[in-house]
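Encoded as structure tokens, the structure appears first; notes follow it.
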Amino acid sequence: MSKTEPTETMTTETINLTPSWEFAVQVYLAVLDNPDASASGRMEAKEEIMRLARMVDAIKNNDNDNDNDEEPMKKPNQTQIRSIEPYICHGEWAFDDDTTGLVQEAFVCGMSEILDFCLEDSGIDPEEVEGGFKLTFSKDKWPDSTHSLTWLGVSEGGNDYELDSECRNLTIHNSDRRYDVPEGMKGWLCPALYHYFDDAPEKIYLSVARKEK
């Protein structure tokens with residue numbers, strides 16, 4: 001009768017080579033700090049940082065939903081009206097926003113021209129408010145909104161919008177009217193849009209005004 005040899009058990013060790021979120025953010029920040037980085041590279045870095053932020057928010061919200069002993073986290077009001085104060089920086093309208101950490105975020109690729117038009121259409125000389133004006137916006141129409149943009153599609157990591165040809169403000173203009181919008185007046189909004197909306201809205205309503213003294 002032969003003796004049975006003991007069977008050796010093989011163990012498999014799995015090594016996770018996925019980079020941590022902290023490391024990934026460090027890489028994206030390095031791209032943003034690199035003065036030689038391309039515009040597309042900077043854009044992709046910003047978009048990835050925003051994607052990671054949304055993932056973390058989703059995990060936090062899910063944890064709150066599963067915890068019956070704590071009050072669920074209140075989601076931000078996505079219908080709220082927001083205001084920023086654009087100013088001229090290197091020939092383009094730009095803005096800072098302490099609530100989102102954005103600094104000198106520029107309106108480019110036609111969007112500064114759209115803001116010029118909205119200012120002029122509202123009786124404001126853009127040169128007189130180069131130091132800053134009040135821009136109010138929402139994905140929902142409100143009584144004092146004066147202009148609106150329509151979403152055209154995704155482009156280069158951002159979103160294309162076109163200025164609508166209907167004025168929405170009855171209190172100022174007394175009636176719906178069509179203003180003379182130059183043909184093809186379109187602009188591009190970078191991924192900073194997602195600081196204010198979960199997704200690119202089909203419509204963005206806005207108004208412009210001089211800053212309150």
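The values are calculated or read from the model by the stated rules, or taken from the named source; none is laboratory data. The model shown is predicted, which means the values in this text are computed figures rather than measured ones. Don't worry about glycine lacking a Cβ; one is built from the backbone with ideal geometry, like all the others, and counts go over all protein chains shown. For accessibility, only protein heavy atoms count, side chains too; no ligands or nucleic acids. Shrake-Rupley method; radii C 1.70, N 1.55, O 1.52, S 1.80 Å.
Local charge sum around R82 (other residues, Cβ-Cβ under 15 Å, Lys/Arg +1, Asp/Glu -1)?
Numbers: positive: K134, K139, K141, K203; negative: E85, D96, D97, D98, E105, D140, D144, D198.
Charge balance in the 15 Å sphere: -4.
Assuming R0 = 30 Å, can you tell me the calculated FRET efficiency for the pair F197 and A37, based on Cβ-Cβ distance, to the nearest 0.05?
Numbers: r = 26 Å, r/R0 = 0.87.
So the FRET efficiency works out to roughly 0.70.
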request  = Output ³J(HN,Hα) for the stretch 199-213: one whole-Hz value per residue in order, computed from phi by the Karplus curve 6.51 cos²θ - 1.76 cosθ + 1.60 with θ = phi - 60°, and x for Gly and Pro.
outcome  = 9, 5, x, 5, 10, 10, 9, 8, 8, 10, 7, 5, 5, 6, 7
ask   = Quick one: if you stick a label point 7 Å off each Cα along the C-beta vector at M50 and V25, how many nm between them?
value = 1.7 nm
request  = Please report, as a whole percent, how much of the solvent-accessible surface of the stretch 82-129 comes from carbon and sulfur atoms (probe radius 1.4 Å).
outcome  = 45 percent
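Starting from the Cα-Cα distance between I88 and D125, subtract it from 0.36 nm times their residue separation and give me the gain in nm to one decimal. Can you show the working numbers first?
Values: separation 37, 0.36 × 37 = 13.32 nm, distance 1.30 nm.
Result: 12.0 nm gained on full extension.
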inquiry  = Tell me the net charge near Q104. Cut-off is 12 Å between Cβ atoms, Q104 excluded, with +1 for each Lys or Arg and -1 for each Asp or Glu.
reply    = -4
task = Count charges around A192 for me, please; just the other residues with Cβ under 12 Å from its Cβ, Lys/Arg as +1, Asp/Glu as -1.
result = -2
Heavy-atom accessible area ranking, 1.4 Å probe, most first, across C118, C89 = C89, C118
